[in-house]
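To keep things clear, I will list the structure first and then write my remarks on it.
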Amino acid sequence: MIFVTGGAGFIGANFVLDWLQEHDEPVVNIDKLTYAGNLESLATLKGDSRHTFAHADIGDTVLIPELLAKYQPRAIINFAAESHVDRSIHSPEDFIQTNVVGTFNLLESVRAYWGKLDEQEKADFRFLHVSTDEVYGSLAKDEPAFTELHQYEPNSPYSASKAASDHLVRSYHHTYGLPVLTTNCSNNYGPYHFPEKLIPLMIVNALAGKSLPIYGDGQQIRDWLYVKDHCSAIRRVVEAGTLGETYNVGGWNEKPNIEIVHTVCALLDELRPRDDKKSYTEQITFVTDRLGHDRRYAIDARKIERELGWKPAETFDTGIRKTVQWYLDNQEWVANVQSGSYRDWVETNYAGRS
Ligand code: NAD
Ligand code: DAU
């Protein structure tokens, strides 16, 4: 069996669903259930004996060793993290606690467990750390996309904390021989994405008749990947990646934010027109920029294609249409994640922006 940490979050939940669609190998899903963790995203697994949920913090140095001893996983996929850049600007401490200290504690628990396996089990074991392209910093418009050799230049407390965790993971391979792999992926989008992030926020706000807040001039570029493609990349890296290596994962879909929002509005105009028949673009508002806002990310995903034969299956056009349709079809999920704490966050992040 495998362990998935952070499996009640956006990508982790998609990964668990995807894994159990492709395999019968059971998953123990370890999640602290922060504001971003949502067991409703896993509702279709109710009664499925291949999925076990364990409510735990990756940094718990008692519970995690107990879970490892009890279930004896052959691999761990570590998604658990604080993931939202804006929250890291407002309150960085949680990011240091989970992404740095939590990852360190998890690595220590795993090192102790792995050290007691027999030689064959040790050789077969995998620890895959899920990371981000943000560790590489920001690109100028004409610079080549990030390769795995690009130097680390994290610019936000979030990306700095992820960079620290990547370095810890790397060091556990170099120093202790722990069989690790790291993936650095670009912006994901798709079902179960929490509506604090750009694409789901725009869909949810548009349908609620609220403004669509674009930071700064909206010309910041991100490289978008449909979440199911990220899941297939991770499966492939666990299966065939070279130990100690990192793999960049991206969609070859660089787009400025303003274009993303226009695309979302055009799809909503088609699929759920406003009562007054005006376009949802009428709701676009430019607001004060994010502090330290990275201008451009772009992933060079040739290594994973060349060495492991992975390529994204979805284009942005097909992926974004599926995503908008999913939000229209899952209004109950959307309503249930907009709790009091979500509304508090919206107030914290947007009320002070002119
Ligand atoms: P998310 O915020 O939606 O989910 C994170 C999950 O981790 C939640 O279920 C939360 O409850 C859980 N969690 C948080 N702290 C924990 C702890 N201490 N112990 C156990 N569980 C904990 O995040 P996401 O967007 O699904 O991202 C998952 C991973 O992928 C993160 O490591 C992130 O850095 C990375 N990543 C995300 C993207 C993206 O576009 N979303 C892109 C590249 C990499
Ligand atoms: O690049 C990978 C990263 O992508 C992941 O590591 C992060 O976990 C993930 O959250 C994401 O980070 P971003 O900061 O790029 O994602 P976000 O959806 O928050 O913002 C995307 C872009 O949209 C960014 O340039 C900021 C802008 N934006 C965002 C929000 C929430 C707006 O213009 N308005 C908004 O209201």
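Things to note:
- Residue among 292, 250 that alone is under 29 Å from residue 151 (Cα atoms) and crowded, with 21+ Cβ neighbours inside 10 Å: 250
- Just one of the listed residues (98, 61, 103) is open to solvent by 60 Å² or more (accessible area, probe 1.4 Å), within 23 Å of residue 175 (Cα to Cα) and either in contact with a His (Cβ under 9 Å, 6 or more places away or on another chain) or within 13 Å of ligand 1 (Cβ to nearest atom) (or both), and it is 61.
- Given (1) under 30 Å from residue 178 (Cα atoms); (2) surrounded by 18 or more Cβ atoms within 10 Å (Cβ to Cβ), index of the condition residue 284 fails: (1)
- Test: residue in the range 215-227 that is within 26 Å of residue 127 (Cβ to Cβ) and either among the hydrophobic types (A, V, I, L, M, F, W, C) or away from ligand 1 (no atom under 16 Å from the Cβ) (or both): yes
- Any hit, the range 221-244, residues being part of a strand (DSSP E or B) and over 18 Å from residue 146 (Cβ atoms): yes
- If the condition is being over 30 Å from residue 113 (Cβ atoms) and open to solvent by 40 Å² or more (accessible area, probe 1.4 Å), then the range 71-91 contributes 89, 90, 91.
- Some residue of the range 173-192 being crowded, with 22+ Cβ neighbours inside 10 Å, in a helix (DSSP H, G or I) and at pLDDT 95 or above: no
- Residue 135, sole failed condition from (1) closer than 29 Å to residue 342 by Cβ; (2) within 13 Å of ligand 2 (Cβ to nearest atom); (3) surrounded by fewer than 23 Cβ atoms within 10 Å (Cβ to Cβ): (3)
- Helices (runs of 4 or more DSSP H) wholly inside the range 284-354 containing at least 3 residues that are within 15 Å of ligand 1 (Cβ to nearest atom): 316-329, 331-337, 340-350
The values are calculated or read from the model by the stated rules, or taken from the named source; none is laboratory data. Here the structure is a predicted model, which is why all the values come from computation and not from measurement. No Cβ is skipped: glycine too gets one built from the backbone with ideal geometry, and neighbour counts run over all protein chains shown. Just the protein is used for accessible areas: all its heavy atoms, side chains included, with ligands, DNA and RNA removed. Shrake-Rupley method; radii C 1.70, N 1.55, O 1.52, S 1.80 Å.
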